[in-house]
Structure formats: C-alpha cells, structure tokens
Amino acid sequence: MNQVFDFSRFRLLAARHWIENRQRYLLSLGAFAGLLILWFIFAFLLQGSHEAQNLYVQLGTFYFGLFVTGSLYASTLFSSLAAKPTAINYLSVPASHLEKMLIALLYGVVLFFLTYLVIFYVVDFLMLQILNPIAARNYHPYDVGNKLSEFEPQTLVNVFRPFRENRYDNQNFYYLLMVYFTLQSTFLAGSVFFTRFSFIKTVITLLVFSFLVFVLVFILVEVVIPKGGFSGAGLVKYQLGYESGVITLPESMFTVFRYIGLYAFAPAFWVASYFKLKEKEV
C-alpha cells in the first residue's frame, strides 16, 4: 500500500470526516439558508415592499456571504489541532498528511463552494417566487412619457456573468472569485499555523501584511521613483509629474504578474499548509 496516497484509504478518510462532522455541517447549512431568507425579507422591507432582491442585492449577498462564510469555515478545517487530546486523535488517524490535506481541500474548497452555490440559488429562487407577486401587488405605476410604467419582476442573477453586454465588468467578477480563493487559502493556512484563535490571528496577520505593503508602495512612490502618480491601471502605469511621459511595465511582465496574482497564491498557501501539517507530531 502506498504510504503517501492510497485511494481506498482516502475514500475511507473522506467518509470518516463526513460521519464526524455531518451534524455540524447540516446545521450550518440550515442556519445559512435561514439567514439568507431573513436578509432577503429585510432587504425587501427596506425597499418598501415594492421590489424583490434586484441584481445588485443578489450579487452583493452572494459575494459577501461567500467571503465571510468561506473564510470562517476554512479557519476551522484543522481545528482538531487546537487542543492536545483532539490533536493526538487527529494525528493518530491512519492516513498520510497528503491525504488529510486533500480532504481539507475537498471539503473546504470544492464541496463548500458547490454547496454554497446550490444553497444560495435555491433560496434566491424561492424568495423571488414569493416576493415578486407581493411586489407586483404593491407596485404603483408612474408616468413614463405618454403611458404608465409597468411592473418588472426581478430575475435570478448569474453571479459569474451578471452583465450580458459588458465583458469587462464580468471579467471583474472572475477576478473577485480568484481573490476569494486566495483569501480562503490564507485562512486554511492559518488554521494549520495558528493552533488557537486561528481566525483572529489570520485576520491580524493579513492586516499587518496589508499595512506593510501600503508602506512599501508609499516609500517607493515618495522616495525612490520620480514625482508623479499611478495612471488609470493600478500599479501598471506611472505618469511622470514634471515631464511628458508614462512609465509602463512591459506587457510580458504584466502578464506574468497577473497570472501569479490570480493563480499562484492559493496553491502556494495550500502547499505551505501541507508542509506545516507534516511537521505536526503526536
């Protein structure tokens, strides 16, 4: 039997994880669905009961909920390491560190995202079916030129491509999704590196890191490079202040940085989590 990865052992470990956590997972799904329902009702009442959740409410709810719940859940994936008795029990399970890491990725990244997507769309669809008729009854037509306005029911949004005609805005949502996976991977790593209060410690670490990046960029702009300012493309173009000209990163370098930013950080945090997990001993 392969000591690094064996599919039969991996399958048994996945089943064990589900058996040990299914009650907590099912209760969490129910709580999340309930919170979504309450939020959509609250948003409906805020709008005077005249409109069900529109495109922007649906998008904001989906991505805000995804970032918050995904980060919280990722920070609990290795919570068994927080206390010595549970850590001994977890590390004594006859499975390799790679298999345990893959189980965390399976449940925490893949299945969590798919389940979140299903729960959101089920609740969103049901609330639209309930709230649209109520909004139609409460709707008050108003003059539009020579005729009265008509009620337009809200429809289910495509959270990945919400704007049919604006390719660039849709691309921004793809980038937002990649940012989510990167952020979630940091909280997963935090659950391995910080055995206690991992969520809080990860948040503090991210805040400190963000502050240091801000200070570094500030020093770079104020001290190192000529006076001017970044021009309309983030940190890609720099407009000189005292002469005509723009300093621009080469297209190839920008492409490399973009792919690193989008696709490299999440796997890097997963790999770091794996090697840190390997250091844990009974």
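The values are calculated or read from the model by the stated rules, or taken from the named source; none is laboratory data. Everything numeric here is computed off the predicted structure, so don't read it as measured data. Glycine gets a Cβ as well: all are built from the backbone with ideal geometry, and neighbour counts include every protein chain shown.
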What single numbered condition from (1) closer than 18 Å to Gly65 by Cβ; (2) out of contact with any Ser or Thr (no Cβ under 8 Å at 6 or more places or on another chain); (3) in contact (Cβ under 8 Å) with a residue 12 or more places away in the chain fails to hold for Arg161?
(1)
Hey, can you tell me all the residues within segment 190-221 that are small (Gly, Ala, Ser) and either more than 18 Å from the chain's Cα centre (by Cα) or farther than 17 Å from Phe78 by Cβ (or both)?
Ser210
Exactly one of Leu212, Leu216 is surrounded by fewer than 11 Cβ atoms within 10 Å (Cβ to Cβ), modelled with pLDDT of 90 or more and on the phi < 0 side of the Ramachandran plot, and that one is Leu212
From Ser244, Ser273, which residue is of a type in the set (Gly, Ala, Ser) and modelled with pLDDT of 90 or more?
Ser273
Can you tell me which residue within segment 1-57, out of those that are assigned to a loop (DSSP other than H, G, I, E, B) and free of Cβ contacts under 8 Å to residues at least 40 places away in the same chain, is surrounded by the fewest Cβ atoms within 10 Å (Cβ to Cβ)?
Met1
